[in-house]
Amino acid sequence: MKLLVGLGNPGSEYKFSPHNMGFAVIDRLAQRHGIILDRKRAQSLYGRLQLGEEEVFLIQPQTYMNLSGNAVREWLRKQPCGPEELVVLHDELDLPWGSIQVRQRGGSAGHHGLESIIADIGTKEFARIRIGVSPDSAETKDSADEDRISYLLRPVKRGLRESMDEMVDRSADAAEAIVREGVHKAMNRFNRRDKSSE
């Protein structure tokens, strides 16, 4: 069993914002597999599917980003699994726009959603897919001087929607690779690709 948890904020106004990349990847996975995220459990919208031999839950916490840990803690209580079955998908300001990084564990790097999860489940030992949204790259440098919080919560410019769509696709590929092949193989595949493209 795997719990794929995409982080974001509920509400249509956040749909294309950098901070909702996790939600976007869960939406893409649901679309690929013909799943509708219309079930409610543990303060979340979710759907479930079978991916190879694994039962997979696609989860979007509805608590708002800073309280994501409340929902994740509830999921771990309700399902017969631990943090080792958890994969969190989230935006990452420390990575260049367009890059993704698979990690087996780690700290929050100041991400409030991750801070909430770590505090509520009591461990940093869970996999995550970090989706680079830094506004300091060439394509987004006109946003570099604006307030970071405003940048994260506003929809990205239309000129970036195509590259955003590609990021979501690759992140969905990485999530499926974790489920099918394990974290280490996914790290080798996707982290190496990002290094070669820098």
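No value in this document is a laboratory result; all are computed from the given coordinates. Being a predicted model, the structure only gives us computed values, none of them experimental. Cβ coordinates were reconstructed from backbone atoms using ideal geometry, including for glycine residues, and neighbour counts include every protein chain displayed.
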Item to check | Long-range amide H partners of Gly98 with built H, under 5 Å | outcome: Gly132
Next on the checklist: For the chain, set up a GNM with springs between Cα atoms under 10 Å and report which of Ile178, Ile35, Ile129 has the largest fluctuation.
Outcome noted: Ile35
Item to check | Most mobile listed residue (Asp38, Asp91, Asp120) in the chain, GNM with C-alpha springs under 10 Å | outcome: Asp38
Checklist outcome for this item: Residues meeting the amide H criterion for Leu93 (H placed from the backbone, H to H distance under 5 Å, 5 or more places apart or on another chain) are Val133
Next on the checklist: Please list 3J(HN,Hα) in residue order for segment 165-181, calculated via the Karplus relation 6.51 cos²θ - 1.76 cosθ + 1.60 where θ = phi - 60°; whole Hz, with x for glycine and proline.
Outcome noted: 4, 5, 4, 5, 4, 5, 5, 5, 4, 5, 5, 5, 5, 4, 5, 7, 10
Checklist entry - Of Asn188, Asn20, Asn9, which is farthest on the positive side of the dipole of segment 2-197, counting Cα position, with +1 on Lys and Arg Cβ, -1 on Asp and Glu Cβ, and the Cα centre as origin? => result Asn188
Checklist entry - Counting only residues 5 or more places away or on other chains, whose amide H sits under 5 Å from the amide H of Ser17 once H atoms are built in the peptide plane? => result Val156
Checklist entry - Which whole-Hz couplings ³J(HN,Hα) result when phi for each residue of segment 112-126 is put into the Karplus expression 6.51 cos²θ - 1.76 cosθ + 1.60, θ = phi - 60°, listed in order with x for Gly and Pro? => result 5, x, 5, 4, 4, 5, 4, 5, 7, 9, x, 7, 9, 8, 8
Checklist entry - Which whole-number percent gives the relative contact order of segment 2-197, counting Cα pairs below 8 Å spaced six or more residues apart? => result 26 percent
Next on the checklist: Quick check on my link table: of Lys15/Lys78; Lys78/Lys124; Lys2/Lys185; Lys40/Lys185; Lys15/Lys124; Lys124/Lys185, which ones sit more than 25 Å apart, alpha carbon to alpha carbon?
Outcome noted: Lys15/Lys78; Lys40/Lys185; Lys15/Lys124
Item to check | Derived scalar couplings ³J(HN,Hα) [segment 24-33; Karplus, 6.51 cos²θ - 1.76 cosθ + 1.60; whole Hz; x for Gly, Pro] | outcome: 4, 5, 4, 4, 5, 5, 4, 4, 4, 9
Checklist entry - In degrees from 0 to 90, rounded to the nearest 10, what is the angle of the helix 68-78 Cα long axis to the longest principal axis of the chain? => result 20 degrees
